[in-house]
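Before any comments, here is the structure.
Every number here is computed from the coordinates shown, using simple stated rules; none is lab data. Just so you know, these numbers come straight off a predicted model, no measurement behind them. Because the Cβ atoms are built from the backbone with ideal geometry, glycine has one as well, and the counts that use them run over all protein chains shown.
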Amino acid sequence: MYCDECKKKPATVHLTKIINGEKSEVHLCESCAQNHHKEWTFGLDENFPLNKFLAGLLGYDPQSTQPSMNLSFSLPEKCENCGFNYNQMSQIGRFGCNECYEHFKEKVGPLLRRVQGANRHTGKVPHRSGGTIRLEREIQSLRQTLQEYVSREEFEEAARIRDRIREMEKKLGH
Amino acid sequence: MYESFVNKALSKWMEGTGDEGDIVISSRIRLARNLSTLPFPHLLNSTDAKKVVTMIHDALQSLQAQEEEKDLVFINLLELQPMERAILVDKHLISPQHADEVAGRGLIVSLDESVSILINEEDHLRIQCLYPGLELEKVWNQASKVDDLFESQLDFAFDEKLGYLTACPTNVGTGMRASVMMHLPALVMTNQASRVLASLTQLGMTVRGLFGEGTEATGNLFQISNQVTLGRSEEEIISNLLVVAKQLIDQERMARHLLLKETKKQLEDQVWRAYGILTHARVISSQEAMSLLSKVRLGTDMGMIKTVSPQTLNEMLVLTRPAFLQKVKGKDISAFERDAQRATIIREKLLTEPLNQ
Ligand SMILES: [Zn+2]
Ligand SMILES: [Zn+2]
């Protein structure tokens, strides 16, 4: 969503005011919100600094919110790696970089459940960037084999597998 | 080096061979991969985009120094004319999007065109493998091998929980899109196609017409692919698609059987009329050609026409596309000239088939 005022920057300040039961909404970028804060901070001191006003909305200073107003403020959430924010993402349907997945992880979870119906990869694991997951999966399948040997009372084989599992767990740093 | 890809019409996928080759034209696997160090392509500036192309080109060269993947060729798309790029689109080697904006993009193709790697399309790498017939397992093995080789040289973006990370969250996980292209004329003729194909969406499959994204399939060709890429392994996705494809094959065969049993004369009439028009027309639109070629193909599959090979029919799917006709003429030609050229090529191909002699 873009700023209602300049139509260029993403809207990060979302304001709802209710006057005599009439509700109106405005979505502004940071700089337009700065320019318009006088208009929107009615009922508050004209000289009330905007950041303090906004901090109030985030719950740091509950006295500063007026009962007649319901305002919400969202921080310009940006991925630290690529600078892309969530609004831009939802507009084009793509992430900016691989770290966006980690950075926006709270939103990624529900999003993936919606578009993919799942949120855990069970397929191929690359050799280099796969990290420890390859080893972990191998250990898991060895544990199964171990169980099978035990249930068939082939204890010699079972001991051999158990030693291998221990060795691999050492590699994992367990 | 690239000329052969642009000049010859025949790619591996058109061979007309492979399992269930009469109904399944081709099987394709596409893997989306990204380098872990740079933003996704749509956020890259031109310097970084070139860097991605160079890194992947370098990876290919060091693989080839180790005697791997000798038949892969790097193509600089900037050196190609727009028309030549359009041909690569017609041959299903690159996407239309990839042909339009070439700066900072690249392409790697195998000599038989069964493997292609698009650089800096939606993701840094899009590894594609395309084989004739219903050969999903074979195609997956091939694609996975190419993936492993490049992964031995490059760090791919991978998350232990989410799998391969992609620009679009609809590809995350396996990054895999498996698809089969199927010729289903009898299902269309018996008015079952839309019902049957619509039911596939409930099974997590996507259905598309052959060229483009539209729902209108030209020449009764449909592409069926998996919708979901996360939470299922590559093998599970492939075996689900295989089950669906086999069911469609059975239904198409049943419909063909029904047509032959109930309306044999009318069917023969339609097939031979199509053959008659294609072997005698002087001007033909792409749409008409596709629909008539579909009938000739059906006639060939059902043993009515014995002089046309499936390979010729597949080749004609590409040969009669606008870009290819333009290439043959070597200059910009009008739509009318193109339709005339198309009719000539089809006539010559059908009448000089080696099977005729
Ligand atoms: Zn603004
Ligand atoms: Zn990012």
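Side notes on the structure shown:
- Interchain or long-range residues, amide H under 5 Å from residue B:107's placed H: B:75, B:77, B:119
- Linear extension gain, residue B:242 paired with residue B:103, 0.36 nm per residue minus alpha-carbon span: 46.3 nm
- Taken one residue at a time, the phi angles of segment B:169-182 give Karplus couplings (6.51, -1.76, 1.60, θ = phi - 60°) of x, 6, 10, 5, x, 6, x, 9, 10, 9, 8, 10, 9, 10 Hz. Gly and Pro are set to x.
- In order along segment B:154-166, the phi-based Karplus estimate (6.51 cos²θ - 1.76 cosθ + 1.60, θ = phi - 60°) of 3J(HN,Hα) comes to 10, 8, 8, 6, 9, 10, 4, 8, 9, x, 6, 8, 10 Hz; Gly and Pro are listed as x.
- Net length available on complete extension from residue B:235 to residue B:261 is 5.5 nm, with 0.36 nm assigned per residue and the Cα-Cα distance removed.
- Among A:153-161, B:50-58, B:29-37, the order from most to least packed when residues are scored by Cβ within 10 Å on average: B:29-37, B:50-58, A:153-161
- Greater than 20 Å apart at Cα, pairs in B:51/B:145; B:12/B:145; B:265/B:295; A:9/A:78; B:12/B:70; A:8/A:105: B:51/B:145; A:8/A:105
- Förster radius 60 Å - calculated FRET efficiency between residue A:8 and residue B:307 (Cβ-Cβ, nearest 0.05): 0.40
- Inter-label distance for residue B:50 and residue B:138, nm, one decimal - labels placed 7 Å from Cα along Cα-to-Cβ: 4.2 nm
- Inverse of mean 1/r across different Cα pairs in chain B, Kirkwood, Å: 21.3 Å
- Annotation: peptides B:219-232, B:298-311, ranked by per-residue average of other Cβ atoms within 10 Å with the highest first, follow the order B:219-232, B:298-311.
- For the peptide B:172-178, the mean number of other protein chain Cβ atoms found within 10 angstrom of a residue's Cβ is 4.
- Shielding of peptide A:90-97 by partners, expressed as the average count of other chain Cβ atoms within 10 Å per residue Cβ, is 6.
- Size of charge dipole - chain B - debye, nearest 20, with Cβ of Lys, Arg +1 and Asp, Glu -1, no other charges: 1380 debye
- For the residues of B:149-158, the average number of beta carbons from a partner chain within 10 Å of their own beta carbon is 4.
- Per residue, chain B reaches -14500 deg cm²/dmol at 222 nm when only DSSP H runs of four or more residues are counted, each adding -39500 (n - 2.57).
- Computed label-point distance, nm, for sites residue B:195 and residue A:31 using a 7 Å Cα→Cβ extension: 6.1 nm
- Order of A:149, B:164, B:275 under a 10 Å beta carbon neighbour criterion, fewest first: A:149, B:275, B:164
- Residue A:152/residue B:160 FRET efficiency (R0 30 Å; Cβ-Cβ; nearest 0.05): 0.35
- The equivalent ellipsoid of segment B:3-179 has semi-axes of 24, 20, 16 Å, largest first, where each one is the square root of 5 times an eigenvalue of the Cα gyration tensor.
- Nearest-ten-degree value, helix B:136-151 long axis tilted from longest Cα axis of chain B: 20 degrees
- Taking the fewest neighbouring Cβ atoms within 10 Å as the starting point, the ordered list for A:164, B:195 is B:195, A:164.
- Segment A:130-172: projected area of the alpha-carbon convex hull, averaged over directions, in nm²: 2.5 nm²
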